[in-house]
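Have a look at the structure below before the remarks.
The values are calculated or read from the model by the stated rules, or taken from the named source; none is laboratory data. Just so it is clear, the structure is predicted and the values come from calculations on it, not from any experiment. Cβ coordinates were reconstructed from backbone atoms using ideal geometry, including for glycine residues, and neighbour counts include every protein chain displayed.
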Amino acid sequence: MTPQSSFMIVVPIASGKRDAMDSLLESMNLAPGRVDPHNPVIPFALFDELHSARLLIIEANTAEDILAYDTEVRHWTPSLALLGEVDGERGQFLARLAVVASHGLATLFALCQGFDTHQGSMLSFLQSHQTNSAADYVNWRGRTVRQVHEEARLQRFLAERLSTMLAEDGHTDVRQIRQQLLTSVQLEQQTGRLTLTPEAPTSWRHWWRNALHLISLPVILLLLTPVLVVVLPLALWRLRKIEKNDPDIDTKSTLAHIRTLSRIEDHDVSNQFNVFGDVKPGLFRLLLLKSVMYIVSYAARHIYRRGYLARVRTIHFARWVFLNQNRSMYFASLYDGSLESYMDDFINKVAFGLNLTFSHGVGYPRTRWMIKGGAELEQPFKQTLRRHQLPAAVWYRAHPGLTAIDMARHARIRRGIEEYPLDNAQIRQWLSEI
Amino acid sequence: MNDQQTVEFDDIQALARFAHGHLQDSCFLLLSVIDRHAAGRWLQRANIATAGQKAELPDTAVQIAFTPAGLTALGLPEQTLMQFPEDYLTGISGDESRSRRLGDVDHNAPALWQWGHHDWHAVHLLLLLYSHRGSIGRFREEIADKGFDSAFHVCHTLPTDTLSPHEPFGFKDGISQPRIDWQHTQRTDVHAREAYSNLLAPGEIVLGYDNEYGQLTPRPLVSTTSDTHSVILPPAVDHPGYQDMGRNGTYLVLRQLQQDVSGFWKYVHEQARGNATLAEELASQFVGRQRDGKPLVIPTVRNIPGISRKQTDNHFDYDDDPYGFQCPVGAHIRRSNPRSGDFPPGVSGFWSRLVSTLGFNRQAEQQDLVASSRFHRLLRRGRTYGAIHPQSAETDKEQGLQFISLGANITRQFEFVQSAWSISSSFAGTREERDPLLGHRRALDNGTRTDNFMQADAAGAQRKLPSLPAFVTVRGAGYFFMPGLRAVRYLGKMAEQNPDGATPNGDEPDSAVISEINSSSSVAGRP
Ligand code: HEM
């Protein structure tokens, strides 16, 4: 299995360069919300291990909300973020990126702080600004860009073959149909027009790291049991107390803000989503959020690794990142469908999950016990998400037009080719998915 | 049920409860206010039909709805106006992104509309008139008296027809509607309704009552101190000291949809290679019902709250047909109401809910792909137009549907159904197709065509009908607010007393108060 990894380079924008940055980023698009995959700044299409990438300016539009806690506004310099998901190790990708896009990256970073005085290589600049996630979710761990492309091509080939076969004469025997399809696939493979690369072996290093991570949570829980028995009730009591004292902050988004966001939405079957906001003040909140993040990261790595994030199946990638010395949090995702249906899923399917992870943010609708309330308050919830949302100036996907459900179906179609034997009912099911 | 939830039928416009089915003729007018003072007077004396029960059915009915420009023309202060939701304020054609989301592109693009785009700023009111067959002309003259003429200019008279049970393609329409739970018999709670129910909370249609989330949808509230006219409005149940301009009101979505009837039948006959029975079958698969309204799936044995078992043409859901063998998943009625519950079929009770919520209910692979229906229902009140009479020689006359739907939240209801379900090329795991009746046929950016129609077949491979032409073209559309009766009077009074265009009283509530109202209105009452 080839594991996926994420990267995120965050660099503060130099003062007075904001407008130049905006127009440089805009130059990477064919039209708003539609990237030029071969744009000269970062020619994304050249990276065949890159699933998706985006560039955005992270800025603190809602920084003043924290005044409701009688806390000073936390300073944050608007920063350029370049982030994405790749197959294999992050280090290898960044090394290639630094070479292939060195010129374009230099023009981007020239508008940022610290680049002109940076001594080392482009790679070392990238590495020194790499910001790790607190948790990463991947829809299907191990599914590579290459696999997605190959399986999509396989499905298209089979669909075309199948429809010509059915048009030619009234085939009725499903076994015969399947046999003919298999033969055509073999022929096509021999000519090299169709490839189905077998899964790469899992590296020992990855296997060990994963296994250690897998047992970490049970071990920690076991070791800490005596402490937890004492601490947990106290923590819950404290949580409930601060929940009750949280101020209600929800201002509406301006029409202009909504317009800016929707301008780049719904051009394809998938959309990008970014939110940024402050973490509620206090050490207790921070510790709580850190523990929740640890659990989320654990669940994403070991439980929700095959097409599901709890009940939601439309999210390709998601990540939670602490910024500004743990004072702020950034969340990014790539999902299928429209924002309204994404939020519908949040509220009606995984409100508890949203509450666990987002209720620590300033301005989130009031929760009860970190699980109830919050996202269940439909309008305030939608409003707060929209208000904390940031537009991605540029975003790229290696496989536009494909939803996560499509990819899972394509993988099943492929399995139906490689697995023998199937009974008649299974063949019918297989044919219907083509 | 507390008092605040008791539905005030006498303050609600009748259309939210009745379709005026006995009033077969109608006339829809788009009006512009030419004299604010006169308009205010006319509004105060207008005899608007209400939802209260009458001893006998009325002979005529008038309903009124407003555009944001109309509210401004009548003198509604900006601070109040800006409390309306973004969808209503921006309008259906006011933002390219919205048009894209709704599929108003290519031949449906607002730039090509007959009304609702170029002229939208000048449209202030929508007047819906209903009367008995043959008497609509007379009724319209009666309405358009001197007071009316000095107040309004008629920008557009939308075509309408004598009510017919069939829409122009020939299918029986108006069979399925949500049943409004006026008595609040059903619980509203976020994750509580496992299976499909046809009962719908009043707050989903009328503002000021609990919606399906058990919450109040945000709506404009006015303080009595800053606006003295507002005393005639109902008090805001969740904000002491404020009056509720939204209560008993609803949003009305109007779309004039031209139907290419001959193109529709020509296509299915071609696909059926002239076999009339097959053509009929194909057409019914597009809709999800036969022409006479008989659904393609068999009635369910389960109980569906809000639909009587005797109503065999509507007592069904799609739980037993996950793959679309009986009714294609992409059929119009399946897309516009998938009849889904909060959980996939078979989930019932605490444990199975928990298993499903945590994402471990993998049996339901195919069945958990759509949102729960109850948050996305439409109350349809459309009327057809341009019927071609068999004797007439006209064949190229424009005909179609004046589609009207009512709801308390345009984005969550009409826009969601239209964009996430109807025209989506990935609705419920479907691909390469959009609503066969409504959808535009534009390909995806990566070149994938979406002008197909897929028919699942239990015998194996799906059948694919390629190259569907577009059968429906949008000719005009708009979002309107249809206020409660007291709110209409309030607007009338405001207009009458401020003929010069000044905002009432001049002193404006400060913006902090407004944002406070905006934000907490839907949470109030809940600790
Ligand atoms: C010219 C355009 C249209 C035609 C010809 C048409 C036709 C039909 C027909 C024949 C039915 C079946 C009758 C029934 O179940 O009551 C139906 C149902 C329905 N239509 Fe349409 N329709 C059109 C536009 C729309 C639009 C624009 C929407 C909303 C976006 C919509 C939403 C619905 C809904 C919600 C149902 C009821 C589905 C159910 O509850 O099972 N329709 N339509």
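The table for this structure:
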read-out: Some residue of the stretch B:392-402 being in contact with a Ser or Thr (Cβ under 7 Å, 6 or more places away or on another chain), within 24 Å of B:Glu204 (Cβ to Cβ) and not assigned by TED's automatic domain parsing to the domain that holds B:Ala65; value: yes
read-out: Residue check for A:Arg96: surrounded by 14 or more Cβ atoms within 10 Å (Cβ to Cβ), among the charged types (D, E, K, R) and either within 25 Å of A:Asn271 (Cα to Cα) or touching a residue at least 60 places away in the same chain (Cβ under 8 Å) (or both); value: no
read-out: Every residue from the stretch A:330-359 that is within 14 Å of another protein chain (Cβ to nearest Cβ) and over 28 Å from B:Gln413 (Cβ atoms); value: A:Leu356
read-out: Tally of residues being assigned to a strand (DSSP E or B), within 14 Å of chain B (Cβ to nearest Cβ) and out of contact with any Leu (no Cβ under 8 Å at 6 or more places or on another chain) across the stretch A:284-329; value: 3
read-out: Identity of the residue in the stretch B:370-382, part of a loop (DSSP other than H, G, I, E, B) and more than 10 Å from chain A (Cβ to nearest Cβ), that ends up nearest to the ligand (Cβ to nearest atom); value: B:Leu378
read-out: One residue from B:Leu129, B:Leu102 being more than 14 Å from chain A (Cβ to nearest Cβ), under 21 Å from the mean Cα position of the chain (by Cα) and in contact (Cβ under 8 Å) with a residue 40 or more places away in the chain; value: B:Leu129
read-out: Among residues of the stretch A:62-72, those that are assigned to a loop (DSSP other than H, G, I, E, B) and more than 29 Å from the chain's Cα centre (by Cα), counted; value: 3
read-out: Residue ranges of helices (runs of 4 or more DSSP H) in the stretch B:254-369 with at least 3 members surrounded by 20 or more Cβ atoms within 10 Å (Cβ to Cβ) and within 11 Å of the ligand (Cβ to nearest atom); value: B:276-287, B:332-336
read-out: Filtered residues of the stretch B:78-101 (kept if closer than 17 Å to B:Trp113 by Cα, of a type outside the set (Val, Ile, Thr) and in contact with a strand residue (DSSP E or B) (Cβ under 8 Å, 6 or more places away or on another chain)); value: B:Gly91, B:Ser93
read-out: Residue selected from the stretch B:161-182 under the condition polar (S, T, N, Q) and either in the same structural domain as B:Asn314 (by TED's automatic domain parsing) or at pLDDT 95 or above (or both), by the criterion nearest to the ligand (Cβ to nearest atom); value: B:Ser176
read-out: All positions within the stretch B:183-207 that are more than 18 Å from the chain's Cα centre (by Cα) and within 11 Å of the ligand (Cβ to nearest atom); value: B:Tyr196
read-out: Residues being more than 10 Å from every other protein chain (Cβ to nearest Cβ) and over 22 Å from A:His257 (Cα atoms) - total across the stretch A:362-384; value: 5
read-out: Qualifying positions in the stretch B:24-53 - within 29 Å of B:Ile180 (Cβ to Cβ), in a strand (DSSP E or B) and of a type in the set (A, V, I, L, M, F, W, C); value: B:Cys27, B:Phe28, B:Leu29, B:Leu30, B:Leu31
read-out: Qualifying positions in the stretch B:415-449 - more than 11 Å from every other protein chain (Cβ to nearest Cβ), within 27 Å of B:Tyr88 (Cα to Cα) and buried (at least 23 other Cβ atoms within 10 Å of the Cβ); value: B:Arg434, B:Asp435, B:Leu437, B:Gly439
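Each row is one residue, and each column tells you yes or no for (1) closer than 24 Å to B:Gln366 by Cβ; (2) part of a loop (DSSP other than H, G, I, E, B); (3) near the ligand (Cβ under 10 Å from one of its atoms).
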| site | (1), (2), (3) |
| --- | --- |
| B:Ser405 | no, no, yes |
| B:Ser425 | yes, yes, no |
| B:Leu438 | yes, yes, yes |
| B:Thr448 | yes, yes, no |
| B:Asn452 | yes, no, no |
| B:Ala456 | yes, no, no |
